[in-house]
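Taking it in order: structure first as structure tokens, then the write-up.
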Amino acid sequence: MQNGEPEYGVRVRKRDVEVEVWGSREFVETTFDRLKNEFLQEKLEPARVIEPQPPPQGITFTEFLAEEAKRIGREPDMLKGYEKILLIGYYLYMVEKRDFTYEDVEKFKEEARLSGLENPRQYMSILIKRGFVSETGVEAGKKVFKMLRRGLQYVENGFREVEAQQ
């Protein structure tokens, strides 16, 4: 710097935004405060509570799948295998008010002509690990799975994980 005055600097990074300012102490402080307000402050907007509309009673899984594809902007066959299973579980939870089994996955896969569900057990382990589904036990010799709140929210948010707003 000129006049033998020391140069000051500050660098702050938050996620993918980095702010760096160098110069006199007064310049750094005023510029950094202005930039901090522009770039680093969280823009707090009132949280919108989106109440997902439950599928109408009596809707078939194929009709439900077509509606969901429109809503999220992706064709069902473009979804990952575990997302397809989540849609089946979501449908059964919301429309038929029940948990689901591997047999349900097979039945709805055939009904909707979904591809890519050759190994549902592999996908189910992913869903359980991610906390979207839990195994509730065995009924009539069949494993039963329950949709968890996190899995329901994942479907409702178009297969995007959204952090809970406080």
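The values are calculated or read from the model by the stated rules, or taken from the named source; none is laboratory data. In this text the structure is predicted, and so the values were computed from the model without any measurement. Neighbour counts run over all protein chains shown; Cβ positions are idealised from the backbone, glycine included.
Sort out which residues of region 93-104 are closer than 17 Å to Leu152 by Cβ and without any contact (Cβ under 8 Å) to a residue 40 or more places away in the chain, and write them in order of number. Outline the logic, then answer.
Applying the first criterion (closer than 17 Å to Leu152 by Cβ) to region 93-104 yields 93-100, 104.
Answer for region 93-104, where residues must be closer than 17 Å to Leu152 by Cβ and without any contact (Cβ under 8 Å) to a residue 40 or more places away in the chain: Glu96, Lys97, Arg98, Asp104.
Name the single residue, out of those in region 118-146 being part of a loop (DSSP other than H, G, I, E, B) and loosely packed, with under 14 Cβ neighbours inside 10 Å, that is nearest to the chain's Cα centre (by Cα).
Of all residues in region 118-146, those part of a loop (DSSP other than H, G, I, E, B) come to 118-119, 130-132, 140-141.
Filter once more, so that each one left must be loosely packed, with under 14 Cβ neighbours inside 10 Å: 118-119, 131, 140-141.
On the way: Glu118: 24, Asn119: 23, Gly131: 12, Ala140: 33, Gly141: 32 Å.
That would be Gly131.
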* Residue count for region 147-164, restricted to those that are touching a residue at least 12 places away in the same chain (Cβ under 8 Å) and part of a helix (DSSP H, G or I) -> 6
* Note down all Cβ pairs under 8 Å where the first residue falls in region 67-79 and is assigned by TED's automatic domain parsing to the domain that holds Leu114, the second is polar (S, T, N, Q), and they're at least six residues apart or on different chains. => Asp77/Ser115
* Flag if Val138 is over 15 Å from Gly81 (Cβ atoms) and in contact with a strand residue (DSSP E or B) (Cβ under 9 Å, 6 or more places away or on another chain) -> yes
* Structure fact -> Output for Cβ contacts, cut-off 6 Å, separation at least six or different chains, first residue more than 18 Å from Val155 (Cβ to Cβ) in region 122-142, second surrounded by 14 or more Cβ atoms within 10 Å (Cβ to Cβ) and aromatic (Phe, Trp, Tyr), reads Glu135/Phe145
* Quick one: in region 71-106, which of the residues that are assigned to a helix (DSSP H, G or I) and among the basic types (Lys, Arg) is farthest from Lys143 (Cα to Cα)? -> Arg71
